[in-house]
Amino acid sequence: MYYWNEVPNKGLFLSLLAAWLLLFQFLGNATFGYVNTASLFGWMANGYRDDVDGNGDGQGWIIPFVVPALFWWKRKQLLALPSRTWWPALLMLAGALALHALGYLIQQPRISIVAFFGGIYALMGLAWGPAWLRGSFFPFFLFAFNVPFASISQPVTFRLRLLVSWLVTGICNNVLGIDVVRSGTGLSNSTHSYGYEVAAACSGLRSTIAILALCTVYGFITFDKNWKRLLMMAAAFPLSVLGNTLRMLIIIVTAEIFGQSGGDFVHENFFFSLLPYVPAIVGVMLLAHWLREPAPEPSLSPKPSPV
């Protein structure tokens with residue numbers, strides 16, 4: 001409560017935020033044939049459902065809790081910043097409103113989601129000034145993960161599926177000595193006694209999004225230099241492919257030993273579904289250790305010379 005009392009212009013920010021939320025509640029979504037609600041939040045909730053196209057957008061339920069927690073973690077730094085009412089932020093707010101109008105007219109709610117969070121960012125600048133905007137860019141940037149895009153990511157997921165199936169086939173045939181035949185994104189042995197499809201849900205998209213969020217948070221918390229943060233974020237993509245390849249390899253090896261039923265057990269088991277995150281977490285820790293700057297050695301003050 002002490003820190004909340006120290007926040008200036010709370011009334012201005014909360015009043016404008018309430019009006020902004022009402023706008024997107026009642027005039028947020030124009031795609032009534034897809035989701036029969038005028039609320040952008042209702043459309044977002046539908047996009048975060050796990051049963052929609054095997055999507056990887058479930059993180060949308062988590063990010064709204066992660067961001068306030070990180071704001072609380074940075075509360076002392078933010079309150080120490082110079083704050084003032086910054087009227088140029090109204091231009092940012094007008095831009096966000098125009099972006100939402102465009103998304104509404106062309107029935108693209110994802111554009112409206114960007115406008116929604118961009119408008120909140122503008123309101124923060126209006127109430128607390130440009131220093132606050134710079135200081136709060138992270139964690140506010142994490143709201144980008146609230147834009148559901150898995151259902152329109154088929155061009156990406158298909159290539160991920162091909163890459164994973166190609167890697168698994170190559171490792172099985174050339175390293176493990178297991179005869180695996182690849183047909184598109186399908187994997188089987190030569191006798192077809194077992195077979196698996198590297199489907200969209202198994203393409204690594206879900207783990208890629210989760211690992212990207214992990215690398216983003218870890219990078220911004222740990223490092224001050226932007227190139228190190230960007231490198232941590234870029235590492236999420238090869239790490240997620242590595243993890244998903246490992247999972248598919250274990251499924252194929254198990255099916256080779258125990259047949260289709262054994263492979264199905266690994267494929268459907270919750271514990272084994274966590275395997276893609278193991279090399280990712282190890283890789284993040286190793287990369288962070290490599291990027292971490294050594295702590296400066298304490299300077300030793302010279303001993304006074306004897307008189």
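The values are calculated or read from the model by the stated rules, or taken from the named source; none is laboratory data. All values reported here derive from a predicted model rather than from experimental measurement. Glycine also receives a Cβ, built like all others from the backbone with ideal geometry; neighbour counts cover every protein chain displayed. Each accessible area value is taken on the protein alone, full model and side chains, heavy atoms only, with ligands, DNA and RNA left out. Shrake-Rupley method; radii C 1.70, N 1.55, O 1.52, S 1.80 Å.
Could you tell me whether any residue of the stretch 227-235 is touching a helix residue (DSSP H, G or I) at 6+ places or on another chain (Cβ under 6 Å) and either among the aromatic types (F, W, Y) or not in a helix (DSSP H, G or I) (or both)?
yes
Determine which member of the set H267, H192 is farther than 24 Å from K74 by Cβ and either part of a loop (DSSP other than H, G, I, E, B) or modelled with pLDDT of 90 or more (or both).
Checking each option against the conditions leaves just H192.
Can you tell me how many residues in the stretch 7-52 are within 15 Å of A127 (Cβ to Cβ) and among the aromatic types (F, W, Y)?
Residues in the stretch 7-52 being within 15 Å of A127 (Cβ to Cβ) and among the aromatic types (F, W, Y): 2 in total.
Which members of the stretch 2-35 meet the condition of being among the polar types (S, T, N, Q), within 18 Å of I113 (Cβ to Cβ) and loosely packed, with under 12 Cβ neighbours inside 10 Å?
none
Scan the stretch 168-180 for residues that are within 18 Å of L242 (Cβ to Cβ), β-branched (V, I, T) and surrounded by 15 or more Cβ atoms within 10 Å (Cβ to Cβ) and jot them down.
V168, T169, I171, listed by residue number.
Just one of S183, S165, S193 is hydroxyl-bearing (S, T, Y) and open to solvent by less than 20 Å² (accessible area, probe 1.4 Å); which is it?
S165
For the subset of the stretch 139-167 comprising residues that are among the aromatic types (F, W, Y) and more than 15 Å from the chain's Cα centre (by Cα), which member is modelled with the lowest pLDDT?
Going through the qualifying residues, I end up with F158.
What number of residues in the stretch 241-264 are part of a helix (DSSP H, G or I) and surrounded by fewer than 13 Cβ atoms within 10 Å (Cβ to Cβ)?
So the count comes out to 2.
Being open to solvent by less than 60 Å² (accessible area, probe 1.4 Å), polar (S, T, N, Q), assigned to a helix (DSSP H, G or I) and out of contact with any Pro (no Cβ under 8 Å at 6 or more places or on another chain), is that true of even one residue in the stretch 109-130?
Within the stretch 109-130, one or more residues are open to solvent by less than 60 Å² (accessible area, probe 1.4 Å), polar (S, T, N, Q), assigned to a helix (DSSP H, G or I) and out of contact with any Pro (no Cβ under 8 Å at 6 or more places or on another chain).
Do you know which residues across the stretch 133-142 are open to solvent by less than 30 Å² (accessible area, probe 1.4 Å), in contact (Cβ under 8 Å) with a residue 60 or more places away in the chain and not hydroxyl-bearing (S, T, Y)?
G135, F138, P139, F140, L142
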